[in-house]
Amino acid sequence: MPSSTVKYVGLDVHKEAIAVAVRDATGKLVMESIIETKASALLGLLHGLRGELYVTLEEGTWAAWLYDMLKPHVREIVVCNPRRNALLKEGSKSDKVDARKLSELLRAGLLRAVYHGDGELRTLRELARSYEVISNDLRRVMNRLKALYRSWGIPCTGTQVYGRRDREQWLMKILETGVRRRAELFYQHLDELQVLRHTARGELLTESRKHKAVRILRQIPFIGPLRAAQLLALMQTPHRFRSKRQLWAYSGLAVETHDSAQYCYVDGQLQRSKKPQQIRGLNQNHNHAMKEIFKSAALSATRRAGPFQDFYEGQLAKGMKPELARITLARKIAAITLTLWKKGECFEARYVKTQTA
């Protein structure tokens, strides 16, 4: 279609209202509006615009609902990562200003999209999210219990303090009535969350068995039923990652390096500087659940005989520190996971080789 019919729409979405800014292909602001946060109002506005519509909004509470609703009605919708929209932080800030900046960034192609898949895996994703949230709540309650005992000078290590069998003995160590009652409420909360997590885990595993990809992932050593279900829910498809390095970055396993003044002239010839790159550690902007899956799988692999343990011991034999060897093994498992999932192949020990790490 002619470029004159292309429209770039920026949406700044809030609970009560949506600020809308529309630009044409030349960057001219052709329309601004404030509408109510309702499907009928937004669709009515978009249907009144002629030409190809490219829409953007920031990832947030409303993103999933708006993405599913708007996708059939526009040429392209980009749910962008707000952490990378540095332009929005400059100058004055308001809903209209943010909508204008989003439309301009969309027209210039400067937005980093957040992946939103189709609805085929929605049930699995919601169950995985429920399991993760309940597990996090359970860990918080366990930490609060230990913190309560320690605040009164009562040492507690290991998991014995959480068990039902010795619970009365632990409560008797607390002399203050109010503090003991507080601990009893924590124990009650702990018991309820343990039941909820068991239920959520069972439903997650049952739903995951409906998907062929889980059977492929479970062939990989130390990627059991739960990790396979979580990987499928988080990644959705392996084809969103062009290479293993993109998956490493998404999982927090990519090495960040900072370098400057890389080139110099020697006798009139351009040469690269020989100073080493400055390694700043692993990337901070990542999916924490993905990192936990691969790191926990690597930790388990170091404790049991198999090709992964052989690889780990080989890294130690080369003089690598144990913590770095575990990270290297986690990267190895991630790379193998991506390769097998894309090709639909079975795991073989030949995949565990230095070149893939």
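The values are calculated or read from the model by the stated rules, or taken from the named source; none is laboratory data. All values reported here derive from a predicted model rather than from experimental measurement. Using ideal geometry, Cβ is built from the backbone for each residue, glycine included, and neighbour counts are taken over all protein chains shown. To get the accessible areas, we keep the full protein, side chains included, count just its heavy atoms, and leave off ligands, DNA and RNA. Shrake-Rupley method; radii C 1.70, N 1.55, O 1.52, S 1.80 Å.
Some points to look at:
- Ordering of 129-141, 111-123, 266-278 by burial proxy (mean other Cβ atoms within 10 Å per residue, highest first): 129-141, 111-123, 266-278
- When the Cα convex hull of the stretch 165-315 is projected onto planes of every orientation, the mean area is 16.8 nm².
- Length-normalised contact order for the chain - Cα pairs under 8 Å, 6+ apart - percent: 11
- Dipole moment magnitude, nearest 20 debye, the stretch 169-278 about Cα centre, only Lys, Arg, Asp, Glu C-beta charged: 480
- Summed over the residues of the stretch 181-269 and divided among them, the accessible surface reaches 57 Å² per residue at a probe radius of 1.4 Å.
- Taking label positions 7 Å along the Cα-Cβ direction at both Glu168 and Arg122, the computed distance is 5.1 nm, reported to one decimal.
- Three-way shape call for the stretch 1-47 based on the alpha-carbon gyration tensor, with the a/c threshold at 1.5: prolate
- C-alpha long axis of helix 307-317 to longest principal axis of the chain, angle in °: 90
- Volume per residue of the convex hull around the Cα atoms, evaluated for the stretch 106-193, comes out as 168 Å³.
- Taking packing as the residue-averaged number of other Cβ atoms within 10 angstrom, the listed peptides 318-328, 14-24 run from highest to lowest as 14-24, 318-328.
- Rounded to the nearest 10 degrees, the inclination of helix 95-108 to the longest alpha-carbon principal axis of the chain is 80 degrees.
- With only Cα atoms counted, the stretch 39-109 has Rg and Dmax values of 12.5, 35 Å.
- Cα long-axis angle, helix 288-301 against the chain (0 to 90 degrees, to the nearest 10): 40
- Backbone phi angles across the stretch 117-130, fed through the Karplus curve with coefficients 6.51, -1.76 and 1.60 (θ = phi - 60°), yield HN-Hα couplings of x, 7, x, 5, 9, 4, 4, 5, 5, 5, 5, 5, 5, 5 Hz in residue order; Gly and Pro are listed as x.
- Taking a Cβ cut-off of under 11 Å around Leu110, the surrounding Lys, Arg, Asp and Glu residues balance to a net charge of +3, with basic ones at +1 and acidic ones at -1.
- Here the Gaussian network model covers the chain, with springs between Cα atoms less than 10 Å apart; of Ser208, Ser251, Ser243, Ser243 fluctuates the most.
- Arg242-Leu49 FRET efficiency (beta carbon distance; Förster radius 45 Å; 0.05 resolution): 0.85
- Solvent-accessible area, 1.4 Å probe, carbon plus sulfur percent, for the chain: 50
- Relative contact order, percent, the stretch 172-291 [alpha-carbon distance under 8 Å, six or more residues apart]: 19
- Antiparallel beta bridges, as assigned by DSSP with both residues in the chain, represent about 70 percent of the total such bridges.
- Taking a ≥ b ≥ c as the square roots of the eigenvalues of the alpha-carbon gyration tensor, the chain is classed oblate because a/c is 1.5 or more while a/b is no larger than b/c.
- Based on DSSP H segments of at least four residues, each scored -39500 (n - 2.57), the chain has a per-residue ellipticity at 222 nm of -15500 deg cm²/dmol.
- Protection proxy ranking of 154-165, 283-294, by the mean of other Cβ atoms within 10 Å over each peptide's residues and highest first, is 283-294, 154-165.
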